Amino acid sequence: MTDKVLILDTTLRDGEQAAGAAMTIDEKYEVAQQLDRLGVDIIEAGFPMSSPGDFAAVKKIADEIRRPIIAALSHANNKAVDRTWEAIKGAAHPRIHIFLSSSDIHIAHQLKKNREEVLAMAVDNVARAKSYCDDVEFSPMDATRTDPEYLFGMLEACINAGATTLNIPDTVGYADPREFARLLVDIQEKVPNIDKANISVHCHNDLGMAVANSLAAVKVGARQVEGCINGIGERAGNAALEEVIMALHTRKDYYQVDLNIDPTQIYRSSRLVSDITGFAIQPNKAVTGGNAFRHASGIHQDGLLKDRTTYEIMDPQMVGWPSSELVLGKLSGRHGLKSRLNELGYEPSDAELNRLFEEFKVLADKKREVTDRDLEALMKDQRRSFDETFTLDQIQVTCGDQGIPTATITVTGPDGTSKTDAATGTGPVDAVYQAINRVINVDNELTEFSVKSVTEGIDAVGEVVIRIVSEEAEYVGRGADTDIIVASAKAYMNALNRLLSIGVVN
Ligand code: KIV
Ligand code: ZN
């Protein structure tokens, strides 16, 4: 008999707290749909009290995604609990997740209270959450630096007040796996009513041990693991869920637990979160990195040809790596495009398919062969065009080693009127950005610019990723085109539209 370990994904809450990972409501919804396909048990959809935009995103996910539990984070105060409930009450399976610091460092310096006052706040707000909703999670923040006796008492009191999940956060990524496992064992031995709650862990990666700590906790009885796709999150991030999942899956002989996850959705989940946040996946990253299943040395290749299991402990297809590269061309029809997109895991609506098909034809005219990676780039462009306040209609640039780089652009605004303007710059990209700035007058600073080719060859699609900063918030922008100046313009428009969209709702 094996036990079930529940997976709580907090990409949309803790993940989005990462500097520069802000997502629009539509992007959060798209990630939530993918997490649903992945089969996570609980989606932590956000922190409704933190901003009106977060409230709206949580509400939309709670109202529309029906299978998983939809959790929302709340401060331990009555007003926050009430507002959190407002956001998730439409969910088929709602959960209120209350957190409150428990370590003396936080109690003294951040909360400026004493232990008794903090304990009372925890109990009062867990009970308030319980009055709305059966499913209540409580997290003593900074648990791993908390006096264990105080922690045990707080956990016991919160279970008595109605908490059904007790989450043990290693908030600052301080724990060591053996020490963390010991804490989990002590909790199970010293909290008398612990059998009435599920034990969860939430590990940060400051010392690179988030996944190891999560797994050590499962080994000694934790039955919920929290983390984020690609390990994004505050500072060095959270436990990378795809790594936790594949460790539990691949080493079932050791952990003896089951999951409700469909691992074949891992690749797509990872790529989607990377595309939306603009955080690239390092090539050597476990499970989803570009080199994760590439064998370079002769001896490894030789072994692999004789028997894959010599050097491969996971089948790449098991985590959803595309199995073949199929090439489409300008004679391919709408049906061929749709079925290839479906095989790659995309399900565009009819309207999206119409737009994609137009773009596909333009690309197929420029390039002889359209590969899977080109299609993925088109899908990313499609996603970017949602919710655009301004659209780029036309761009023309002159540059060279003799003249002054000059760009002319035409942009359509929210009221449907087009505006054309021109500017010069230090180079063609700068000229384009200056021209766009003359039309869309939003104060910002470009802090990052990178360009890479999506496919090989002289006719490759180039992808530009940029970051801009405005009023201390960071926004990512992406654009792809066979012309990298056009891709740069699209990336800038994408970042500005994201800024305007997130700025308006927040
Ligand atoms: O890291 C942490 O302690 C948290 C809590 C809010 C669960 O994210
Ligand atoms: Zn956290």
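The values are calculated or read from the model by the stated rules, or taken from the named source; none is laboratory data. Please read these numbers as outputs of a predicted model, since none were measured by experiment. Every residue, glycine among them, receives a Cβ derived from its backbone with ideal geometry; neighbour counts consider all protein chains shown. When the accessible area is computed, the model is the full protein with side chains, heavy atoms only, and any ligands, DNA or RNA have been set aside. Shrake-Rupley method; radii C 1.70, N 1.55, O 1.52, S 1.80 Å.
Considering all different alpha carbon pairs of the chain, the Kirkwood hydrodynamic radius works out to 24.5 Å.
Treating each Cα of the range 391-505 as an identical point scatterer and ignoring solvent, apply the Debye formula and state log10 I(q)/I(0) at q = 0.09, 0.12, 0.15 Å⁻¹. One equal scatterer on each Cα of the range 391-505 leads to -0.23, -0.41, -0.65. Between residue 207 and residue 471, the FRET efficiency from the beta-carbon distance, with R0 = 25 Å, is close to 0.15.
For the residue pairs 59/380; 28/113; 28/419, the C-alpha atoms sit more than 27 angstrom apart in 28/113; 28/419.
By the Kirkwood approach, averaging reciprocal distances over each pair of separate Cα atoms, the range 46-159 gets a hydrodynamic radius of 14.4 Å. Electrostatic tally near residue 237: other residues with Cβ closer than 10 Å to its Cβ, Lys and Arg +1, Asp and Glu -1, net -2.
Taken over the alpha carbons of the range 6-277 as equal point scatterers, the Debye sum produces base-10 log I(q)/I(0) values at 0.08, 0.12, 0.13, 0.14 Å⁻¹ of -0.28, -0.66, -0.78, -0.92. In this calculation the C-beta distance from residue 382 to residue 343 is compared with R0 = 22 Å, giving a FRET efficiency of 0.80. Rounded to a whole number, what % of the accessible area of the chain do carbon and sulfur atoms account for, probe 1.4 Å? Ligands and nucleic acids excluded, carbon and sulfur reach 51 percent.
Which order do you get for 25, 194, 61 if you rank them by accessible area with a 1.4 Å probe, largest at the top? The partial results should precede the final answer.
Details: 25 40, 194 20, 61 0 Å².
Order by accessible area, largest first: 25, 194, 61.
Accessible area per residue for the range 356-422 is 54 Å², calculated with a 1.4 Å probe on protein heavy atoms, without ligands, DNA or RNA.
This model, with +1 at the C-beta of Lys and Arg and -1 at the C-beta of Asp and Glu, gives the range 172-213 a dipole about its Cα centre of some 100 debye. Each Cα pair under 8 Å and six or more residues apart adds its sequence gap; the mean of these over the residue count of the chain is a relative contact order of 12 percent. Put a plus charge on the Cβ of each Lys and Arg, a minus charge on the Cβ of each Asp and Glu, and nothing anywhere else: the dipole of the chain about its Cα centre is then about 520 debye.
Taking R0 as 51 Å, what FRET efficiency do you get between residue 86 and residue 369 from their Cβ-Cβ distance, rounded to the nearest 0.05?
0.50
Shown here is the pair-distance distribution of the range 334-383: with all Cα-Cα distances grouped in 10 Å bins from zero up to the longest one, the shares run 26, 66, 8 percent. Computed from Cα positions, the angle between helix 25-38 and the longest principal axis of the chain comes to roughly 70 degrees. In terms of the mean number of neighbouring beta-carbon atoms within 10 Å, the peptides 397-404, 371-378 order highest first as 371-378, 397-404. Averaged over its residues, the range 37-131 has an accessible area of 39 Å² per residue, based on protein heavy atoms and a 1.4 Å probe. Overall, the range 6-277 carries a charge dipole of about 260 debye about its Cα centre when +1 sits on the Cβ of Lys and Arg and -1 on the Cβ of Asp and Glu, all other atoms neutral. Packing around the peptides 238-248, 287-297, 224-234, taken as the average count of other Cβ atoms within 10 Å per residue, puts them in this order, highest first: 224-234, 238-248, 287-297.
For the pair residue 19 and residue 446 in one chain, pulling the backbone fully straight at 0.36 nm per residue adds 152.2 nm over the alpha carbon distance.
Here the range 113-158 is treated as a Stokes sphere of Kirkwood radius computed over C-alpha pairs; at 25 °C and 0.890 mPa s its diffusion coefficient rounds to 220 µm²/s.
Give me the Debye-computed log₁₀ of I(q)/I(0) at q = 0.09, 0.11, 0.19 Å⁻¹ for the range 231-383, equal point scatterers on Cα only, no solvent, two decimals. The Debye formula, applied to the Cα set alone, gives -0.38, -0.56, -1.21. When only Cα pairs below 8 angstrom with a gap of at least 6 residues are kept, the range 223-269 shows a relative contact order of 26 percent. The label-point distance for residue 305 and residue 404, in a model that sets each label 7 Å from Cα toward Cβ, rounds to 6.2 nm.
Compare the Cα positions of 172, 230, 424 along the charge dipole of the chain (+1 at Cβ of Lys, Arg; -1 at Cβ of Asp, Glu; about the Cα centre) and return the one farthest towards the positive end. Towards the positive end, the residue furthest out is 230. Nearest 10 degrees, 0 to 90: what angle lies between the long axis of helix 484-505 and the longest principal axis of the chain (Cα atoms)? Result, in degrees: 40. Annotation: aspartates and glutamates with alpha-carbon distance below 16 angstrom to residue 252 (same-chain offsets under eight excluded): 3, 242, 243, 262, 315.
Where does the chain land at 222 nm, in deg cm²/dmol rounded to the nearest 500, when only DSSP H runs of n ≥ 4 count, each adding -39500 (n - 2.57), divided by all residues? About -12500 deg cm²/dmol. Compute the acute angle (0 to 90°) between the alpha-carbon long axis of helix 177-190 and the principal axis of greatest extent of the alpha-carbon atoms of the chain; round to the nearest 10°. Helix 177-190 and the main axis of the chain meet at about 40 degrees. The distance linking the range 442-459 with the range 56-88 is 36 Å (Cα centroid to Cα centroid, whole angstrom).
Normalising the average separation of contacting C-alpha pairs (under 8 angstrom, six or more residues apart) by the number of residues puts the relative contact order of the range 6-277 at 20 percent.
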